[in-house]
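Shown next, in structure tokens, is the structure this report addresses.
Please treat every number below as a calculation from the coordinates, not as lab data. All figures in this text were calculated on a predicted structure; none of them were measured in a lab. Please note: Cβ atoms are built from the backbone with ideal geometry, for glycine as well, and neighbour counts cover all protein chains shown.
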């Protein structure tokens, strides 16, 4: 692996490869460590086939079948899987050995991919490496002048970090098996390798326990995975080179446990499944021996169910109200010299760790878990930041970063992309310490996502983080990232994720038989406001539907990002005819949109959008005039620019938990006009 | 049932019910026989529940669970299924009895539905009737001023015809299990009750035979249903009140049988799975006894697998080349006095019918099957028309109409809607004869549809035919039909059909990373040309991808239908501000569209669209000017109208197998201008 040099041809050049004089953007994401374009292209036809020429087994064979089906979906070409030989297959997989039977931290994931007009080859040491290469191959395929094709290329690739994860909270909103499976497919498509399954929280206990059946019987509203289903998910993930790390968050976030087993809590019950969001008081009693007897039995069952050597015990956000108000807990604390809440928590963690060790598991926990006395192999997952992680690394602990990777915060992809596990305090680590930073994990907490919207909240932004975790540290060009992200976002649909699949019908649900188009314009011109806006706008609970415009719109609008670019180019006089046409079409459509939306009114889902809709039309009208002044060269009337800027400024605050992104390109044109006026350029 | 009077409140009034002074269009389709609106509305919340108060069983309980899940999907409201009692449930099902265990021709499907602000009730004689009522209930739900609701209403409903079917050809393009299942869900949603499964044809034999395994082993490319899967489909359909009628087309359309069993054919093999479309020579030899031995064994196996008493033997399009050129067949024909091909075919059918009778099955066949000597219980499915059917009915045979209901012909819904099983020669039948016309079946032949597009070809148009088969004969208002069809089309997505689900990603596949929007405008402004255009444009085979614009666009454009209406109103001076805004927004977007599409060029999927795209922009520019003249009142320059009409006329012929529907509203405006000029109205 040390022979790799991060030659970022693709990443730095915006992944543009020249083919016969014509550039085609290739959606390679994460960007490979080394990629060199060559001449020619490999035709992808209904005769496409894959064969293994080296080591092969059931896992590789399944992956080859999946690749054929995927290429067929992605291209629309009917392709049947047929037993091909290495001599005649379109793609040959030369795999050296099996590698670990179950995906393993630090296993060899390297591969080389060669595509030429004559055929293609993936060389990999392990089956997992071959899986990674097959995903790269799929991303290369697109329509060319004579049909679908993959451009000739040499790729030499490996991951930067060995731990590249996605955490999914299935407690606050229940996520059925198919949600998990389709997101595992998407994870594999961008070379993620850890699925962190947040299985229990105040709002639901989601795994069947045969030993303590009241956990799921009373703590899940009937929404839980059977042990057979868990095994199915693990096998599904394993087939894609993804580890499954379960999390059972203790001692806080445990209300759902106490519905069936109130005796575990630090205060008497009864307890009910929590329906709202926040940090709640119910907490396990760390002072009673029967708690550890229970956990011993529970861990015995769950560690046997989940083969991964890492076991996540949460440990975050412990509300100490119950501890502080319990005389027996306070007495225990005094007796054992555990004066602070953190000390009690630390004591609990040591007991838990000892139990996990008995079952051969390594403990992971959130920042708060890290207290003196923990075993040196403990892994810390940090929501607090690089400083917390660096400090742990200096103490010899390994860690993964989640700070900056919270998908539920609804930040743009560029925000997450700029966060590096080794930034900040991480820069001060020496090589040995830095190696303890295993990678990162994005977190999809599910307060504000449902089965219907969760994929669109994870993807495509997650792909930008996957690049951060896989590609060289120097892969930081935001424009290249976005160009590829849009393409990968579309490809992820073929891999299985419902990135945009539900948007149309959610809008149709809102329109309720009226034309959807005006709602679509409004949605495309909008962005969901950041989570703080949502938290303060409305008292959400698990019974509140997530069926409004804010749930349809993305955290980032692709159309507006494109119009931003067009407006910037129009301002500098370098806009293409296509860009000017796009601006005119958008502004006109917006200007006409409010009046078109009016007949849709009369239902609650639309009523709240009236101010937003009016603003969009106003922005469109201003944009149209501004573009006219800018291109026509005539000057706007005195005071017009200032007046319109004020009008746009008043549209800045979110309405119905949605931000009108359409303001941005219009404002850019106004600013350009103001600049021209102040510099006297046009006079 | 004789107490029903077809009071077509909904159907005739465009299903508009007045609620508190405000009309909400309700997507009831098929229109009920009697529906009367009342005051008030039933709120649909996360507490929605269903309970049975009369007869209940596993089938009804499953349907109740499905309804809860469906209402949850359709509204976006989280609703858990909970055991409710009749005293507190939102919807109470009063079912009288089980009805037949397996859905049965002519079983009681009646129901009454009552909705008030306090609750709702479905009364039905049988479980199947209750299923029909639950679908009506689901269609009533939509967003109101305070959230989702169902309006107060009384519905009294029954089917007009007992046989309301959809035929799906799974031979020419393989349709996996999930395609069948999701279309069964959609069928149930519009009260269809026969799934006609076209399981074998020249291009593939799609059912596992344990007795003759080479049928699927060599005749299916590995794409067939196992017998367990068949049983699963039958159970799935039964749960939804749908019969499954299998078709094994013989003696023609049998190439796929002969790959494994060439000895069945009328000419020596070897045979290969057919890859192209048409009528082919391979035909069973009707003169050899071993054929009937084989069919006896085959029918023995298949009649046990399929519980329906009706068994379809196809019998259409027998090419007699093999028969005519076979000396032994000709000798047999002479010996048995069967001079014409039809006589031989008739002989074959009698033998087949005798075998089926042995297994307790009633034979169905296409028109050609009907020859003298067939048993009187034979059912004729007519692709030839009402005359063929009426003639059979006069001879005592029962029949179902498929003429006029071919979904693959890509005709508008209004075309199919206008076809009635009892029209034409059917009008001359007396009561007893007319009762032999059991109903109708739409046919989805699969030459030009794939897994990805088949739902969008069946739906929403199939729903209009479902109304023809269920609702009173007088339900013929096309405008009401279209208004409800658009809404039902959206609701069908929640029932499971992928009516529009794949459109976006198919366009994204074509755009290959470039903006999808210009392609979407082009698709929305286009309609797939009728099947004859497709047949002659291209030599299609099963290896040719169906991934082009023609596969994305619908046979009818909803946007253009709306613009047609807006243009007609603009022409008569009665357009609403919203309609004028829609026209302006559309024309501007079209005018700007071609230049926006240009950067997408360079791939084969886009290249063929250049003329179409250019025409759309031209049409948009003409439309914009025409609207200006019409609304501004100014006169166009001399000759302008004629010139533009010529330009539009040249756009009439299909390009890339697609028709530019956008021409229509523009032409309407030009015609209005011409009319104004000739009548001197504005001078």
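Evaluated at q = 0.14, 0.19 Å⁻¹, a Debye calculation over the C-alpha positions of segment B:265-308 (equal weights, vacuum) places log10 I(q)/I(0) at -0.51, -0.80.
Reported to the nearest whole Å, the Cα centre-to-centre distance from segment B:402-425 to segment B:189-208 is 20.
How many angstrom lie between the Cα centre of segment B:135-176 and the Cα centre of segment A:619-683? Segment B:135-176 and segment A:619-683 have Cα centres spaced 49 Å from each other. Binning the alpha carbon pair distances of segment A:517-668 at 5 angstrom intervals from zero yields the distribution 2, 9, 18, 21, 19, 14, 8, 5, 2, 1, 0, 0, expressed in whole percent.
Counted over all Cα-Cα pairs of segment B:599-683, pairs farther apart than 15 Å make up 59 percent.
Centroid-to-centroid, using Cα positions, segment A:470-528 and segment A:210-257 are 30 Å apart.
Work out, in µm²/s and without decimals, the Stokes-Einstein translational diffusion coefficient of segment A:452-491 at 4 °C, 1.567 mPa s, Rh from Kirkwood over C-alpha pairs. The calculation lands on 122 µm²/s.
What per residue convex hull volume, in Å³, do the alpha-carbon atoms of segment A:475-554 yield?
About 151 Å³ per residue, rounded to a whole number.
Per residue, the convex hull spanned by the Cα atoms of segment B:432-476 measures out at 90 cubic angstrom.
Evaluated at q = 0.16, 0.17, 0.22 Å⁻¹, the base-10 log of the normalised Debye intensity for segment B:19-144, with identical point scatterers placed on the Cα atoms, takes the values -0.78, -0.88, -1.43.
By the count of other C-beta atoms within 10 Å, a proxy for reagent exposure, A:170, A:127 are ordered fewest to most as A:170, A:127. Pair-distance distribution P(r) for segment A:452-585, from all Cα-Cα distances in 10 Å bins starting at 0: 11, 32, 36, 19, 3, 0 percent. Counting Cβ atoms of other protein chains within 10 Å of each residue's Cβ and taking the mean over peptide A:506-514 gives 6.
As a ratio to 2.2 N^0.38 Å, the alpha-carbon radius of gyration computed for segment B:581-623 takes the value 1.19. For segment B:245-290, the Cα gyration tensor yields ellipsoid semi-axes of 16, 14, 10 Å (square root of five times each eigenvalue, largest first, whole Å).
The relative contact order of segment A:345-389, computed from alpha carbon pairs under 8 Å that lie at least 6 residues apart in sequence, is 36 percent. A label point on residue A:119, set 7 Å along the Cα-to-Cβ line, lies at 7.2 nm from each of its counterparts in the other copies, closest listed first. Measuring how big chain B is from its alpha-carbon positions, Rg and Dmax come out at 27.1, 85 Å.
In square nanometres and to one decimal, what's the mean projected area of the convex hull around the Cα atoms of segment B:255-331?
Over all viewing directions, segment B:255-331 projects a mean Cα-hull area of 6.0 nm².
Length gained on full extension, residue B:211 to residue B:538: 113.8 nm, using 0.36 nm per residue less the C-alpha separation. Out of every Cα-Cα pair that segment B:192-280 contains, those further apart than 21 angstrom amount to 33 percent. Shielding value for B:477-490 is 2, the average number of Cβ atoms from other chains within 10 Å of each residue's Cβ.
Each of A:81, A:148 was scored by other Cβ atoms within 10 Å of its Cβ. Arranged with the fewest first, they read A:81, A:148. Note on the protein assembly as shown: the C-alpha convex hull projects to 56.1 nm² when averaged across all orientations. Legend: Rg and Dmax of segment B:291-408, from Cα coordinates, 15.1, 43 Å.
Rg/Rh for segment B:347-425 (Cα atoms only, Rh after Kirkwood) is 1.05.
Dividing the summed -39500 (n - 2.57) terms of all DSSP H runs of n ≥ 4 by the residue count of chain B sets its mean residue ellipticity at 222 nm at -13000 deg cm²/dmol.
Residue exposure proxy: B:357, B:539, ordered by other Cβ atoms within 10 angstrom of their Cβ from fewest to most, comes out as B:539, B:357. Relative to the globular-protein estimate of 2.2 N^0.38 Å, the Cα radius of gyration of segment A:58-126 stands at 1.22. Here segment B:147-237 is treated as an ellipsoid with the same Cα gyration tensor; its semi-axes, largest first and in whole Å, are 35, 14, 11.
Once you average over the residues of B:72-80, how many Cβ atoms of partner chains fall within 10 Å of each Cβ? Counting Cβ atoms of other protein chains within 10 Å of each residue's Cβ and averaging gives 6. Taking only the C-alpha atoms of segment A:90-245, Rg followed by Dmax gives 19.0, 61 Å. Considering only the Cα atoms of segment A:374-467, their convex hull presents on average a projected area of 6.4 nm².
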